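All remarks here apply to the structure that follows.
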Amino acid sequence: MISAFFFGVTEPAIYGVALPNKKAFINACIGSAVGGLIIGISGAVVYISGGLGVFNWLSYITTPAAVELGAPDMGITYMIWAIIASLVAAAVGFAIEFTTYKPEAAK
């Protein structure tokens, strides 16, 4: 989780946790789809190619250069939507996994 959240490196989580447990992978995909839906509905736009993980939220801030080129001056509004979408995606994925979790039988 730390590598994905702060640095945007998701491979350890995918190959170490999600793919061995296919149900968890599908639950994470559903949560991500909800987050993507929120971004799409809000109309949030990325103005620069930014960092990874939480540092990508800064890419949603309207830059003066974008305003000069005709983009609406939204300030940090899109960044707030990106943060909301990220938190909702994590919460939905967690809620689905929490409600559908069944421990494996001991071998």
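The values are calculated or read from the model by the stated rules, or taken from the named source; none is laboratory data. In this text, all values refer to a predicted model and were calculated from it rather than measured experimentally. For neighbour counting, all protein chains shown are included, and Cβ atoms are generated from backbone atoms with ideal geometry for every residue, glycine included. We work out accessible area using only protein heavy atoms, side chains counted, and drop any ligands, DNA or RNA first. Shrake-Rupley method; radii C 1.70, N 1.55, O 1.52, S 1.80 Å.
With only Lys, Arg, Asp and Glu charged, each at its Cβ (+1 for the first two, -1 for the last two), find how big the charge dipole of the chain is about the Cα centre; round to the nearest 20 debye.
The calculation lands at about 480 debye.
With every protein chain kept in place and ligands, DNA and RNA left out, what is the accessible area per residue of the chain? Probe 1.4 Å, answer in Å².
69 Å²
Mind giving me the nanometre distance, one decimal, between the label points for Lys22 and Ile80, set 7 Å out from Cα along Cα→Cβ?
Distance between the two pseudo-spin positions: 4.3 nm.
Taking the chain as a Gaussian network, Cα atoms linked when under 10 Å apart, which of Ala65, Ala89, Ala33 shows the biggest mean-square fluctuation?
Comparing Ala65, Ala89, Ala33 in a Gaussian network model of the chain, the most mobile one is Ala65.
Please list 3J(HN,Hα) in residue order for the stretch 40-54, calculated via the Karplus relation 6.51 cos²θ - 1.76 cosθ + 1.60 where θ = phi - 60°; whole Hz, with x for glycine and proline.
So the Karplus estimates, Gly and Pro as x, are x, 5, 6, x, 4, 10, 8, 9, 9, 8, x, x, 10, x, 5 Hz.
Can you give the three extents of the C-alpha atoms in the stretch 2-107 along their principal axes, from longest to shortest, in whole Å?
So the extents along the principal axes, rounded to whole Å, are 64, 24, 15.
From the phi of every residue in the stretch 84-92, what ³J(HN,Hα) in whole Hz does the Karplus formula 6.51 cos²θ - 1.76 cosθ + 1.60 yield, where θ is phi - 60° and glycine or proline is x?
Result, ordered by residue: 4, 4, 5, 5, 5, 4, 5, 5, 5 Hz.
Report the FRET efficiency, 1/(1 + (r/R0)^6), for Ile2 and Cys29, where r is their Cβ-Cβ distance and R0 is 30 Å, rounded to 0.05.
So the FRET efficiency works out to roughly 0.90.
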